[in-house]
Amino acid sequence: MSLSDFLQTAMSQWMKNGGPEDDIVLSSRIRVARNIHDTPFPTLQTDTHANYVIDQVTSAIATPEMQHLGTFELLRCVEMSPLDRQVLVEKHLISRDLAEGGKHGAVILRSDEVASILVNEEDHLRIQCIMPGLRLNEAWTLASQIDDAFEMTLAYAFHEQYGYLTACPTNVGTGIRASVMMHLPGLVLTGQISRMLAAISQVGLTVRGIYGEGSEALGNIFQVSNQMTLGETEEEIIGNLSSVVSQLIDHERNARRALAEENREALEDRVCRSFGILAYARRMDSKETLQRLSDVRLGIDMGIIKGVSAGILKELMVMTQPAFLQKYYRQELHPAERDIRRAALIRERLRMDDTEVR
Amino acid sequence: MCQRCNERPATVHFTKIVNGEQSGYHLCEQCAKEHGGFFAKAAQAFDFNQLLSGLLNMESSPGFSAPPATSLRCSSCGMSYSQFTEIGRLGCPKCYESFSVRLDPLLRRIQNGTAHSGKVPVRSGEQVKVRKNLDTLRKELQSAIASEQFERAAQLRDQIRDLEQRMNH
Ligand SMILES: [Zn+2]
Ligand SMILES: [Zn+2]
């Protein structure tokens, strides 16, 4: 299979470019935790309880209300290979906990992979909607519709005072976790990022690197999420996050402008050097890959690199992960072999846009 | 060795002091990060140490007279409060009521208060309303009986019967 054919079938909606502010916002995700009334949380789940939950959701996705929202398929973790589960983790469709967890886990996927529902993870249900660009409201609308459709058949654990009850008190109430994945190379290169992150944690939000740790986020990719789930409405939580994200976007744009005005040569050198390495290197580890991809994406956004699609950052940051590489090359690869294949895959992807790449 | 996966060496050590009793918790970095349940959640959602010290302070704050964690137990799933502090996850939906005396102060620290103000499920929300109604009616019935207002009591009894029937449908 050619790489472009593989990309066609392997990419989730969110991995494609598009959506508001997509030069900085890679994706928006809403995750809603729900549990079934009078049933122990997965913490204390027996086989009977777990199967009861699976039976309940299986009949829930067969209802007309649910089918109205798309084509859903339930996959039990035990029926998937570890590699396939890992691919879903790398596509951000399921959590590592679900992939590596016990025998009771399952995932319900909508055919376009915009929505995935994690079953028997930490909670009975985690409804997740992930979209490209800054589209939190849209993602929440869809998650809420799926939630309503489930509720037609499921009786939720809901408490008048505490709201939706969850296994962990950090999720109780709305059960909502709204997250925005952002590419912030300007703030990192101008040394402003730690100050920003500190400020964000003061307003009830958290930031973490998607890859790597804390402020040393690999690829300059950060995920900003709400911290609290109880006491505010979903709309207030999303509104608060959105306004902080908008401010971050402004700061990032200002930082990029400053880089272009005050440090043009250094910036061009950095960006083009990284492009050269991606285009010619024969071995790439995942850490360097993310850093170089971030540089190249910045170069594309700032008009320094032309003729390469902006989508390569998202595509390749997922495609160059270990499970995806092995899926594409259809064989088990040791880390050293992966570095060689990763470099080859990157060159192949760049050739799709730029025939000069060898 | 890591207490969770029993595979990798434990490099992350937590110490908890509950009612003066010290207990250690040893995880590998990966488990601490990914599988620590509450701890992972907590670390993700806010600073881990902040939470633990929060828990700790609560146990020792003067004038706080909740029953000891060891004796608090959920009648529905059997989980004890100290088990909850060990694993960081509750056993069942009823745990929230069983542990409310201790959970409320915790929620006040880690959440934006203790009262939900967001979406309400259509069906279960209706049930909650009916249940609340029933509670009020039952109280009224008792006081009606106590004050020998038997006509009123009969009315209330019929209303309660109606609501109970609706609950079962
Ligand atoms: Zn471990
Ligand atoms: Zn319980």
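What number of residues within the range B:95-109 are outside any loop (DSSP other than H, G, I, E, B) and either under 19 Å from residue A:42 (Cβ atoms) or not charged (D, E, K, R) (or both)?
Selection size over the range B:95-109: 9.
Would you tally the residues in the range A:119-140 being open to solvent by 10 Å² or more (accessible area, probe 1.4 Å) and hydrophobic (A, V, I, L, M, F, W, C)?
3
Hey, can you tell me all the residues within the range A:316-358 that are in contact (Cβ under 8 Å) with a residue 40 or more places away in the chain, within 15 Å of residue A:5 (Cα to Cα) and open to solvent by 20 Å² or more (accessible area, probe 1.4 Å)?
Listed by number, the residues that qualify are A:327, A:328, A:348, A:352, A:353.
If I ask for residues that are buried (at least 19 other Cβ atoms within 10 Å of the Cβ) and free of Cβ contacts under 8 Å to residues at least 24 places away in the same chain, which ones from the range B:95-113 would you list?
B:95, B:96, B:103, B:107, B:111, B:112, listed by residue number.
With the checklist (1) buried (at least 16 other Cβ atoms within 10 Å of the Cβ); (2) more than 30 Å from residue A:145 (Cα to Cα) in hand, flag the one item residue A:282 doesn't pass.
Single failed check for residue A:282: (1).
Which one of these is surrounded by fewer than 18 Cβ atoms within 10 Å (Cβ to Cβ) and within 16 Å of ligand 1 (Cβ to nearest atom): A:102, A:70?
The conditions single out A:102.
Look through A:47, A:84, A:38, A:23 and report the one residue that is acidic (Asp, Glu), at positive phi and in contact with a Lys or Arg (Cβ under 9 Å, 6 or more places away or on another chain).
A:38
Looking only at the range B:119-148, count every residue that is open to solvent by less than 100 Å² (accessible area, probe 1.4 Å) and outside any helix (DSSP H, G or I) and tell me the total.
Of the residues in the range B:119-148, 4 are open to solvent by less than 100 Å² (accessible area, probe 1.4 Å) and outside any helix (DSSP H, G or I).
Condition first: without any contact (Cβ under 8 Å) to a residue 40 or more places away in the chain and either out of contact with any Asp or Glu (no Cβ under 6 Å at 6 or more places or on another chain) or farther than 21 Å from residue A:82 by Cα (or both). Can you find one or more residues in the range A:117-135 that meet it?
Scanning the range A:117-135, I find at least one residue that is without any contact (Cβ under 8 Å) to a residue 40 or more places away in the chain and either out of contact with any Asp or Glu (no Cβ under 6 Å at 6 or more places or on another chain) or farther than 21 Å from residue A:82 by Cα (or both), so the answer is yes.
Any residue at all in the range B:84-94 that's in a helix (DSSP H, G or I) and either at the interface with another protein chain (Cβ under 8 Å from one of its Cβ atoms) or open to solvent by less than 10 Å² (accessible area, probe 1.4 Å) (or both)?
Among the residues of the range B:84-94, at least one is in a helix (DSSP H, G or I) and either at the interface with another protein chain (Cβ under 8 Å from one of its Cβ atoms) or open to solvent by less than 10 Å² (accessible area, probe 1.4 Å) (or both), which makes the answer yes.
In this structure, does residue A:191 turn out to be at pLDDT below 95 and more than 14 Å from chain B (Cβ to nearest Cβ)?
yes
The rows are residues; the columns are (1) under 30 Å from residue A:143 (Cβ atoms); (2) touching a Pro at 6+ places or on another chain (Cβ under 7 Å); (3) among the polar types (S, T, N, Q); (4) within 14 Å of another protein chain (Cβ to nearest Cβ).
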residue	(1), (2), (3), (4)
B:119	yes, no, no, yes
B:138	no, no, no, no
B:143	no, no, yes, no
B:146	no, no, no, no
B:158	no, no, no, no
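The values are calculated or read from the model by the stated rules, or taken from the named source; none is laboratory data. Treat the numbers as computed from the prediction; the structure is a model and nothing was measured. Quick reminder, even Gly has a Cβ in these numbers, built from the backbone with ideal geometry, and neighbours come from all protein chains shown. Quick note on the areas: whole protein, heavy atoms, side chains included, nothing else; ligands and nucleic acids left out. Shrake-Rupley method; radii C 1.70, N 1.55, O 1.52, S 1.80 Å.
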